[in-house]
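Inspection log for the structure reproduced underneath, given as structure tokens.
The values are calculated or read from the model by the stated rules, or taken from the named source; none is laboratory data. None of these values were measured; they are calculated from a predicted model. We place every Cβ from the backbone using ideal geometry, glycine too, and count neighbours over all the protein chains shown. Heads up: the accessible areas ignore ligands, DNA and RNA and are worked out on the full protein's heavy atoms, side chains in. Shrake-Rupley method; radii C 1.70, N 1.55, O 1.52, S 1.80 Å.
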Amino acid sequence: MNKQQEKVLVAGLCGLVVVAAGAFAVQPAMAAGYQVDQLAQVTGVAHWDNLNVRKWPASYSQKIGAYEPGSHVWVERCIEAQVGADWCLVDGQGVSGWVNSKYLTVVYDWDI
């Protein structure tokens, strides 16, 4: 094996490592969680601000939408965070994604 072949082999192995790391980066969505299936209201957000909706359950994830304070959303499930608040998969107002659970309050007395 000559030097050029070694370089190609090392580059290929590095590529595999990067792909594997990327696969683990999206693992939070598959983390331990719990079903909720309840209506919740967006609370704890300043009246001039919005609650960001994320593609994945992480603050660094892509923002895909936002809810105004007082909005009602359907909470499908949440995942347990090791540090900080849990993340919940929500749906409402044409937007479905992940939000930080500390900004949600379950609505117990609602009518369908």
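Of all residues in segment 42-87, those satisfying the criterion of being within 24 Å of Y108 (Cβ to Cβ), open to solvent by less than 60 Å² (accessible area, probe 1.4 Å) and not in a loop (DSSP other than H, G, I, E, B) are V42, L51, V53, Y67, V73, V75, C78, I79, W87. Among the residues making up segment 97-112, none is without any contact (Cβ under 8 Å) to a residue 12 or more places away in the chain and surrounded by 15 or more Cβ atoms within 10 Å (Cβ to Cβ).
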